[in-house]
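First comes the structure, then the notes that go with it.
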């Protein structure tokens, strides 16, 4: 049976549903178990709990952005192979999103007040990457994952040592990001120009700083 062809209206409705689910609902991931559930909660002071909640809010925002990026990159991909790469990455990032939200609840934290804005901005950026062509699309995926991997490594240094549950979540996320970057490279990703990498770094800095507080 031939693959169904989706009209622009179908794609718009699907995109709106994905956006609403990401920002306000619970996306369906791959069904992997939450790495935190196998560990007993560590003892933390109020200050440590607050710091963990802020860092996990930043990570949650990163996963909101990841959903927007990969959904938009999938829509604008020119080949089915690249589209499926984005769809698979988005599914695994849905696991991350749900795990981060679970930790926020356990830490009595809250999600970012700007999640709708983060999603819209990331969707626009991902669309631009996809429209540039598949190899640039893959290059953007690779560079994004490399930056997220480094960002997660820095959070492992900043999290309270007793917050073993958040650490377990971030460790698995970090492994997934590395694998996604390697998959994009193997699929033919192009190296992004340095000005683009610097813009990505600046945008990431703005997002992480704002999300820490808001």
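The values are calculated or read from the model by the stated rules, or taken from the named source; none is laboratory data. Every value quoted in this text rests on a predicted model; they were computed, and no experiment measured them. Cβ coordinates were reconstructed from backbone atoms using ideal geometry, including for glycine residues, and neighbour counts include every protein chain displayed.
The set of residues in segment 12-39 being exposed (fewer than 12 other Cβ atoms within 10 Å of the Cβ) and either part of a helix (DSSP H, G or I) or modelled with pLDDT of 90 or more (or both) consists of 16, 17, 24, 33, 37, 38. Selection of segment 98-119 for residues being touching a residue at least 24 places away in the same chain (Cβ under 8 Å), over 18 Å from residue 38 (Cα atoms) and assigned to a helix (DSSP H, G or I) yields 115, 116, 118, 119.
Being in contact with a helix residue (DSSP H, G or I) (Cβ under 9 Å, 6 or more places away or on another chain), more than 20 Å from residue 35 (Cα to Cα) and not in a helix (DSSP H, G or I): is that true of residue 147 here? The answer is no for residue 147.
Condition check for residue 145 on (1) closer than 20 Å to residue 23 by Cα; (2) surrounded by 16 or more Cβ atoms within 10 Å (Cβ to Cβ): one failure, at (1). Residue count for segment 159-181 under the criterion of being in a helix (DSSP H, G or I) and either touching a helix residue (DSSP H, G or I) at 6+ places or on another chain (Cβ under 6 Å) or within 16 Å of residue 70 (Cβ to Cβ) (or both): the result is 14. Checking every residue in segment 110-124 against the condition of being in contact with a helix residue (DSSP H, G or I) (Cβ under 9 Å, 6 or more places away or on another chain) and farther than 22 Å from residue 209 by Cβ gives zero matches.
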